[in-house]
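Student: The structure's right below; bear with me while I get my questions together.
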Amino acid sequence: MDNALVRIMGIRITNLKNVLSGEISFTNAPENSNINMLGLFGQNGSGKTVLIDALEVLKYVLCGKSVPSRYVDYISVDAEYARLTFESLIQFEDKKIEAFYEFSLGKKQNSSDGSYRIRIFDEILKCSILSGKNTKIEELINTCNSNTFAPIEKKQLLTGNAKNIDVDLMVARKLTNMESRSFIFSDQLFEIIEKNSKNANDKVQYEYYKKVIYQLADFGKYSLFVINAVTSGFITINTQTRSFRGNGVENGAVGTIMIPVEENVILSKEDFMYVSETIENMNIVLQQLIPGLTISIKELGTQLMENGMIGYEIQLMSCKNSKEMPLKYESEGIKKIISVLPMLIAVYNQAAITVAVDDLDANIFEYLFGELLRLISERGKGQLIFTFHNLRVLETVDKQFLAFTTTNPDHRYIRLKNAKRSNNVRDMYYQEIIFGDESEELYEKTKNTEISLAFRVAGRYKDVSM
């Protein structure tokens, strides 16, 4: 595929967890900024993590993978399905294309054991070439009211008019439905599209539509990384961009290596060599963040892997002031910094990377965290999306990079409308909690007297030892 850059420009979430409706636009960052960054701040339980959840679902879908059945419980209690809409900008060398992709998440009961699985349905993909004021948005694929997909002219252009093509498409639809996968980004549809490459009646349009679909799929596979509570205990290393080699190579091996911080891991020889180089480069930054601290790999021996190849068992070690110990015994703050550092390095250096992190500031010293974000916002090249609780960020990061949750489940996300670049956003946030100048309430009020009473009541118990 062409060398293209993909940016997520907007997200709309409906009926996912406690977000009945929420929309965030990424398009109002300062014009002179190289990064498209968004930090989401707000009260506990107000919908911050839902944003990261939505991006994780997007990654599964774009990669053509089955969405895990745990997402059945993510659909809002009173809703039959959730709906997610993503606006992206695809920048090719000669043109910019807007892509709008939306789909629904429903639940389907398995007849075999009565359990539920996710169902991906009503997928719609639209696109337009940005060319002035008369930009026209075209519907490329719509699976809502068809056994194959509409519009008919787009289907004929992409898949051809072969005798059994509709049968092949219906089989692909049924298979992806059963496996909780996207139809639009499935290998089955890609195979059908490729078969028609020589017979397309309009080669230019065929290639244009194909590029849009394939580039979004590549973005999900190789450029979008999501770090949440499940993956926060791992060091995530992207082997696609080769961003840590230091030699400018950006088209290396496909995949991601996940190194657990708390446990030993067995790596192939190739992965072992790549992880070693990555950690060597990580240490360049790590020593500046935590003076005197480096990490290293300790080899514990070799053993045969499932594929019959020799595997290297390793343990991550930390070294400070010439004293070495297993990394798992370090503080939670140090482990958090180390786990996210490779992705922060990638965002700083690689324009093609998009990283989404839940609770990015957890256990990290607030002053250091604020300075890290200031550097990335001023000089970073990639896209960083994160949630946080640290008020220091409101003092160090431009307001254009910040969004806030509200107490209204029907309007979960807002920007501070009256904030100017010279304002201290932290002070403005406190003022908004007290005076409520915004259209939506940002904080569900708590009362100290009621909290005190609750503590007192909860502490009443009988001494069973008497």
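Student: Highest first, please rank the peptides 69-76, 182-189 by the mean number of other Cβ atoms sitting within 10 Å of their residues.
Tutor: Values: 69-76: 15.9, 182-189: 21.8.
Ranked by mean Cβ neighbours within 10 Å, highest first: 182-189, 69-76.
Student: Follow-up question, since we're still on this one. Could you give the length gained by full extension between Asn177 and Lys269, i.e. 0.36 nm per residue of separation minus their alpha carbon distance, to one decimal place?
Tutor: Numbers: separation 92, 0.36 × 92 = 33.12 nm, distance 3.80 nm.
Extra length from Asn177 to Lys269 when fully extended: 29.3 nm.
Student: To the nearest 0.05, what FRET efficiency results for Tyr214 and Gln156 with a Förster distance of 30 Å applied to their C-beta separation? It would help to have the intermediate numbers written out before the result.
Tutor: Working: r = 19 Å, r/R0 = 0.63.
With R0 = 30 Å, the Cβ-Cβ based efficiency is 0.95.
Student: So how do Arg83, Arg379 rank on accessible area, 1.4 Å probe, biggest first, that is with the largest at the start? Could the numbers behind the result be given before it?
Tutor: Numbers: Arg83 45, Arg379 140 Å².
Per-residue accessible area, sorted high to low, gives Arg379, Arg83.
Student: May I pose another question? At a Förster distance of 25 Å, what's the computed FRET efficiency of Glu139 paired with Asp78, Cβ-Cβ distance as r, to 0.05?
Tutor: Numbers: r = 30 Å, r/R0 = 1.22.
Working from the Cβ atoms, E equals 0.25.
Student: Please sort 139-148, 295-304 by packing, taking for each peptide the average over its residues of neighbouring beta carbons within 10 angstrom, highest first. Before the final figure, lay out each step's value.
Tutor: On the way: 139-148: 16.6, 295-304: 13.3.
Order by mean packing, descending: 139-148, 295-304.
Student: Separate question: For Asn201 and Gln288, compute 0.36 nm times the residue count separating them, minus their Cα-Cα distance, and round to one decimal in nm. Don't skip to the end; give the middle numbers.
Tutor: Numbers: separation 87, 0.36 × 87 = 31.32 nm, distance 5.81 nm.
Additional length available on full extension: 25.5 nm.
Student: Further question on the same structure: With +1 assigned to the C-beta of every Lys and Arg and -1 to the C-beta of every Asp and Glu, and no other charges, what is the dipole magnitude of the chain about the Cα centre in debye, to the nearest 20?
Tutor: Numbers: 54 positive and 59 negative charges, 74 e Å.
Using Cβ point charges on Lys, Arg, Asp and Glu, the chain gives about 360 debye.
Student: Still on this structure, I have one more. Amide H neighbours of Tyr116 under 5 Å, counting only residues 5+ apart in sequence or on other chains, H built in-plane at 1.01 Å?
Tutor: Amide H neighbours of Tyr116, under 5 Å, 5+ apart: Asn110.
Student: Taking the Cβ of Ile141 as the centre, find all other residues whose Cβ is under 10 Å away and add up their charges (Lys, Arg: +1; Asp, Glu: -1). Present the calculation step by step, with values, prior to reporting the outcome.
Tutor: Values: positive: Lys126, Lys154, Lys155; negative: Glu123, Glu139.
That works out to +1.
Student: Which net charge results for the neighbourhood of Asn18, defined as the other residues with beta-carbon distances under 14 angstrom from its beta-carbon, given Lys and Arg at +1 and Asp and Glu at -1? Please report the intermediate quantities before stating the final value.
Tutor: On the way: positive: Lys17, Lys48, Arg412; negative: Asp53, Asp73, Asp78, Asp410, Glu444.
Neighbourhood net charge equals -2.
Student: Do you know the relative contact order of the chain, to the nearest whole percent, from alpha carbon pairs under 8 angstrom that are 6+ apart? Show your work: numbers first, answer last.
Tutor: On the way: 865 pairs, mean separation 84.9, N = 466.
It rounds to 18 percent for the chain.
Student: Testing the spin-label approximation: label points 7 Å from Cα along Cα→Cβ at Cys319 and Phe92. State their distance in nm.
Tutor: 5.0 nm
Student: Taking the Cα centre of the chain as the origin and placing charges on Cβ (Lys, Arg +1; Asp, Glu -1), which of Ile213, Thr27, Leu140 is farthest toward the positive end of the dipole?
Tutor: Leu140
Student: For region 117-202, rounded, prolate or oblate, judged on the Cα gyration tensor with a ≥ b ≥ c (square roots of eigenvalues), a/c < 1.5 rounded, else prolate if a/b > b/c? Working shown, then result.
Tutor: Values: a/c = 2.18, a/b = 1.27, b/c = 1.72.
In terms of gyration-tensor shape, oblate.
Student: Would you mind counting up the charge near Tyr74? Only other residues with Cβ under 11 Å from its Cβ, with Lys and Arg at +1 and Asp and Glu at -1. Display every interim value, and only then the final one.
Tutor: Values: positive: Lys17, Arg70, Lys107; negative: Asp53, Glu56, Asp73.
Once all neighbours under 11 Å are counted, the net charge is 0.
Student: Still on this structure: Using the Kyte-Doolittle scale, which helices in the chain average at least -1.0 and also have C-alpha atoms spread 24 Å or more along the helix axis, with helices defined as whole DSSP H runs? Please report the intermediate quantities before stating the final value.
Tutor: On the way: long enough: 269-289 (30 Å, -0.15); 332-349 (26 Å, 1.04).
Membrane-span-like by this criterion, though nothing is claimed about a membrane: 269-289, 332-349.
Student: Per the Kirkwood treatment, what hydrodynamic radius in Å, one decimal, follows for region 291-380 from the mean inverse distance over all distinct Cα pairs? Spell out each step's value before the answer.
Tutor: Numbers: mean 1/r = 0.0645 Å⁻¹.
Taking the inverse mean of 1/r over all distinct Cα pairs, region 291-380 comes out at 15.5 Å.
Student: What ranking do 38-46, 203-211, 55-63 get when scored by the average of other Cβ atoms within 10 Å per residue, highest first? Show your work: numbers first, answer last.
Tutor: Details: 38-46: 19.4, 203-211: 15.6, 55-63: 21.9.
Output ranking for 38-46, 203-211, 55-63: 55-63, 38-46, 203-211.
Student: While we're here: For Asp166 and Glu191, calculate 0.36 nm times their separation in residues minus their Cα-Cα distance, and state this gained length in nm to one decimal. Before the final figure, lay out the partial values.
Tutor: Values: separation 25, 0.36 × 25 = 9.00 nm, distance 1.38 nm.
Residue separation times 0.36 nm, minus the Cα-Cα distance, leaves 7.6 nm.
The values are calculated or read from the model by the stated rules, or taken from the named source; none is laboratory data. All values reported here derive from a predicted model rather than from experimental measurement. Using ideal geometry, Cβ is built from the backbone for each residue, glycine included, and neighbour counts are taken over all protein chains shown. Quick note on the areas: whole protein, heavy atoms, side chains included, nothing else; ligands and nucleic acids left out. Shrake-Rupley method; radii C 1.70, N 1.55, O 1.52, S 1.80 Å.
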